[in-house]
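In what follows, a structure is listed as structure tokens, so that the remarks can point back to it.
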Amino acid sequence: MKLFRRPSSAPLWQDEFSVFTAGERYVNRRQFTKFLTLTSLAMFVGNLWILARSWFYRAPAYPRRVVARADELAVGGTRIFDYPAAGMSCILVRTATDSWVAYSQKCTHLSCAVYYAKEQDRLECPCHQGFFSIADGAVLQGPPRRPLPRVRLERLGGELIAVRMEGEGA
Ligand code: FES
């Protein structure tokens with residue numbers, strides 16, 4: 001049933017719209033309540049979904065992977081390796097005779113590759129001069145707001161083993 005007739009002077013495209021200005025008052029309270037109820041229900045279901053995901057979330061299992069032999073690098077030496085998966089570059093730095101650290105090589109600003117600046121003893125991103133502490137990956141300077149994710153290492157005999165990533169979601 002058509003409530004309103006298109007005035008002969010109105011353009012043809014107005015036939016495609018079901019509500020004419022004069023008919024807007026016919027969007028009644030029941031329709032409005034139905035709209036609100038369905039919208040609220042959709043939001044409620046969405047929140048339930050988020051809650052269920054957080055309940056069943058499991059932290060990723062990281063592989064244990066040998067990244068270098070302990071005597072392989074001189075002090076100040078570096079090595080690039082993939083962890084935890086292929087294509088995810090990390091940088092290993094020997095900072096002292098008996099100390100090694102490793103971080104994700106991906107800058108937390110816009111993902112350029114960081115490198116070790118031995119003279120300054122820090123990790124540097126060449127794209128926008130973002131500098132990170134070699135001690136803990138904290139931002140020293142530049143636009144990055146988050147520290148570099150750290151690769152936790154274990155030494156087993158003469159080998160350095162990557163066991164997990166820390167600070168990935170920070
Ligand atoms: S991408 Fe590293 S500082 Fe911008």
### Task
Just flag the trypsin sites (Lys or Arg not before Pro) in the stretch 92-170 sitting in loop per DSSP whose Cβ has no more than 11 other Cβ atoms within 10 Å.
Arg145
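Please report Thr37, Thr78, Thr97, Thr108 as a ranked list, fewest other C-beta atoms within 10 angstrom at the top and most at the bottom.
Ordered by Cβ neighbours within 10 Å, fewest first: Thr97, Thr37, Thr78, Thr108.
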### Distance in nm between pseudo-label sites at Asp98 and Ser111 (7 Å out along the Cβ direction from Cα)
4.1 nm
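For Asp82 and Leu41, calculate 0.36 nm times their separation in residues minus their Cα-Cα distance, and state this gained length in nm to one decimal. Can you show the working numbers first?
Values: separation 41, 0.36 × 41 = 14.76 nm, distance 4.51 nm.
Length gained between Asp82 and Leu41: 10.3 nm.
Only the coordinates and a few stated rules stand behind these numbers; no lab work does. In this text, all values refer to a predicted model and were calculated from it rather than measured experimentally. Counting neighbours? That spans all protein chains shown, and the Cβs are built from the backbone with ideal geometry, glycine included.
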